[in-house]
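What follows is calculated from the coordinates using simple rules that are stated; it is not laboratory data. Fair warning: this is a prediction, and the values are worked out from it, not measured in the lab. Positions of Cβ are generated from backbone atoms using ideal geometry, with glycine treated the same way; all protein chains shown enter the neighbour counts.
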Amino acid sequence: MNVSRRRFLGAAGLVALGAASFGSLALSGAAGQTAELMRSRARLPEPFRVPLPIPPVARPVRSDASADYYEITQREASVELLPGLRTKILGYEGMFPGPTLVSHSGRRTVVTHRNELAVPTAVHLHGGHTPADSDGYPTDLVVPPDWDMMHDMGGGTVAVGHRDYTYPCDQRAATLWYHDHRMDFTGPSVYRGLSGFHLVRDDEEAALPLPQGDRDIPLMIVDRSFDADGSFLYPAVDPTMRVLHGVEDDYMEGVLGDVLLVNGAPWPELEVEAARYRLRILNASNARRYQLSVPGVPFAHIGSDGGLLARPATLSALTVAPGERFDVILDFTAHRPGSTLTVRNGLGTGGTASVMRFRVTRRATDDSRVPARLSSVPRLDPARAVRTREWHFTREIGDEPRWLINGATFDPRRIDADVSLGDVEVWRFVSDLHHPVHVHLDPFQVLSRQGAAPAPEDAGWKDTVDVKPSEYVDVAVRFGDYAGKYLMHCHNLEHEDMAMMAVFRAG
Ligand code: C2O
Ligand code: CU
Ligand code: CU
C-alpha cells in the first residue's frame, strides 16, 4: 500500500475528481449509492424463473469434547449462475455462496482453510468475537504453495497452503458471515465468490417459538455484472489479482452490478407455505445499498448484526448497507396458495428494482409466533465512556484517488488507536459520502445520528452501520477478552481496497 501503484491522473482527471468530490451526488451514479454501475454484456435472464438455492450446511470432519473441526478448500470452479452460461468463480469448496457453518454458542469451531487458488487469501469471520490471530488480518495470509513472495506482503504472518482458524464462538446467537479479507484485493475476491454464512445458535434463541428448520432461510443478496460469455465483469486494474490493486478510476466510488443474485441465483423464486418464515438477510454486495420491502407483508424485525433485539419492531421497509444483516419474520399465513409476493428494492431502477419473489404453494400448520419479548440487550451507557474518538471517512483529493480515515491510508504496521479491554468508548463516525462503517472484535450500539435519534435499522447490537453523506453517527462500544490488532474500516469493498481501513490495538 506504500507504493504508488496507480497511474498518474492527467489534469483533466484531477478536475473531474474534484468535481465529483465536492459536487453533488448526481455524479455518483445511482440514487442512494456511492458507486458506479458497470453494465452487463450478457443477455440477462427473466426474473423469478430459477429457484432460490440454499447453501448446504458444512459437516465437521471430526468433533471432540470441546470443538468441531471443519475443512474448507478454496478453489476455482465453473458454475451456472445465469441460465445457460458458465461463470468462473473463486469459491469456498468451489461454491458461491460457500457452505454455511453452524456453531453453538460457547463451543469452539476450528476451520482449516486450504488455498488452492492462484492468489493469497485471508479469511475473516464478520461479526465473530475472535482472537486476533484468527481474525483474518489482511496481511495474515494463506498463500498457494507455489506463490512467489516477490513483493512485500505487508509484514503479516504467512501460512503456505493451509491455515487453521479458531473461533471460540463465545458470543450470542447471530447471523455472521465469512469472507476474504486479503489486503488490497478484498473487492475482487468477494465479487468472484469468496463469501458464506456462519450462523451461531444458542439455547436462549432455541427456546423461542420462532420459525425454524425449512422456515429459517439465509438470504445473501449481491449485485454482479456479467460479460457476454458469462464471466464476471469487474473493473480491476490488475485482473490477475497478483500485484496491482484497485479499480479503474471511473469505479473508485464502488462497483454496482445490474444483476441481483440471492444465494447465487438471479432474481430467484422461493416456494413457501402459508406460514411464518424467518429470513436472515445479508447484504454481501461490494458497494450497493438496498431498500427492501414486500408490498402487503411488513417485516417483523427481530435481529440485527449482533443477534436478537430485545423486542420485535414492525418495519414496512428496510435499508441494508454492505456488510449489514437483518433477521426478519415474514408472515404469509393470510396469503392464498398461488399468490406471489415480490421483494422490491426502493433504491433500484429497472432490473435492480426487484430482488426475488415468494410463491405461496399451500396452506400449512404453523405454531411459530413472534414473541413480544425476544432477549435482553443491556445498554452500553455512554455516560460511562472513558473517551470519545472521532473517525473521519473522506475521499482524498489528489493525483492518486484513495479513501482515507482520519486523513491517512491503511498501513498494516501502524496502530491508529489503543483501546483498553473492558472500557466503554464513544466512537463518532463522520462521513463525506456513503460509508458503511464496520468494526471488528465486538459489536456496538448506535446512540444517535447527527445528534438525533438513530434509525430503526440501527436497533440492537450492530457491527456495521450505514453512515450517509455528510452525516455523523455516534456509537458506544466496549471490547472484551482478546488483545491484539484489529480493524475498523469502510465495508464498501472498493473503498476498503483503496485504503479506507484503520487499525486499533486492544489490550
Ligand atoms: Cu466483513 Cu473487516 O469485514
Ligand atoms: Cu468483520
Ligand atoms: Cu467508504
List the residues, sorted by chain then number, that are 5 or more residues from G254 or on another chain and whose placed amide H is less than 5 Å from its amide H. E36
Which shape class, rounded, prolate or oblate, goes with region 223-288 when its Cα gyration tensor gives a ≥ b ≥ c as root eigenvalues, a/c under 1.5 marks rounded, and past that a/b bigger than b/c marks prolate? prolate
Let me check against my output: what whole-number percent is the relative contact order of the chain, with C-alpha pairs under 8 Å and at least 6 apart? 16
How much length is gained if the chain between A159 and H392 is pulled fully straight, taking 0.36 nm per residue apart and subtracting their Cα-Cα distance, in nm to one decimal? 80.5 nm
Selection of trypsin sites (Lys or Arg not before Pro), region 57-142, meeting DSSP coil and at most 14 other Cβ within 10 Å: R86
Can you tell me the FRET efficiency between E116 and T349 if r is taken as the Cβ-Cβ distance and R0 is 25 Å, rounded to the nearest 0.05? 0.05
Looking at the chain, send over the antiparallel percent of its DSSP beta bridges, to the nearest 5. 70
Taking every other residue with Cβ under 15 Å from the Cβ of M38 and scoring Lys and Arg +1, Asp and Glu -1, one gets -4
Calculate, in nm to one decimal, what R379 and D366 gain on full extension: separation in residues at 0.36 nm each, minus their alpha carbon distance. 1.3 nm
Starting with the fewest neighbours, write out E116, E471, E273 ranked by other beta-carbon atoms found within 10 Å of each beta-carbon. E116, E471, E273
Quick one: which residues, 5 or more positions from L447 or on another chain, have an amide H under 5 Å from its amide H? H modelled 1.01 Å from N in the peptide plane, none for Pro or chain starts. D474, V475, A476
Can you tell me what share of the DSSP beta bridges in region 213-363 is antiparallel? A percent to the nearest 5 is fine. 75
How much of the DSSP beta bridge set in region 62-206 is antiparallel, as a percent to the nearest 5? 65
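According to the square roots a ≥ b ≥ c of the eigenvalues of the Cα gyration tensor, what is the shape class of region 62-206, taking rounded for a/c under 1.5, prolate for a/b larger than b/c otherwise, and oblate for the remainder?
Values: a/c = 1.97, a/b = 1.28, b/c = 1.55.
Oblate, since a/c reaches 1.5 and b/c is not below a/b.
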What residues qualify as long-range amide H neighbours of S354, i.e. H under 5 Å apart, gap of 5 or more or another chain, H built at 1.01 Å from N? N345
Test of the criteria: in region 308-394, which trypsin sites (Lys or Arg not before Pro) are in a DSSP loop and have at most 12 other Cβ atoms within 10 angstrom of their Cβ? R373, R379
Residue-by-residue Karplus 3J(HN,Hα) for region 103-109, coefficients 6.51, -1.76, 1.60, Hz, glycine and proline x: 10, 9, 3, x, 9, 5, 10
Residue-averaged [θ]222 nm for the chain, counting only DSSP H segments that reach four residues, each worth -39500 (n - 2.57): -1500 deg cm²/dmol
Mind computing the radius of gyration and Dmax over the alpha-carbon atoms of the chain? Å is fine for both. 21.5, 67
Kindly write out, for region 250-263 in residue order, the coupling ³J(HN,Hα) from the Karplus curve 6.51 cos²θ - 1.76 cosθ + 1.60 (θ = phi - 60°), rounded to whole Hz, with x marking Gly and Pro. 4, 10, 5, 6, x, 10, 10, x, 9, 10, 9, 10, 10, 6
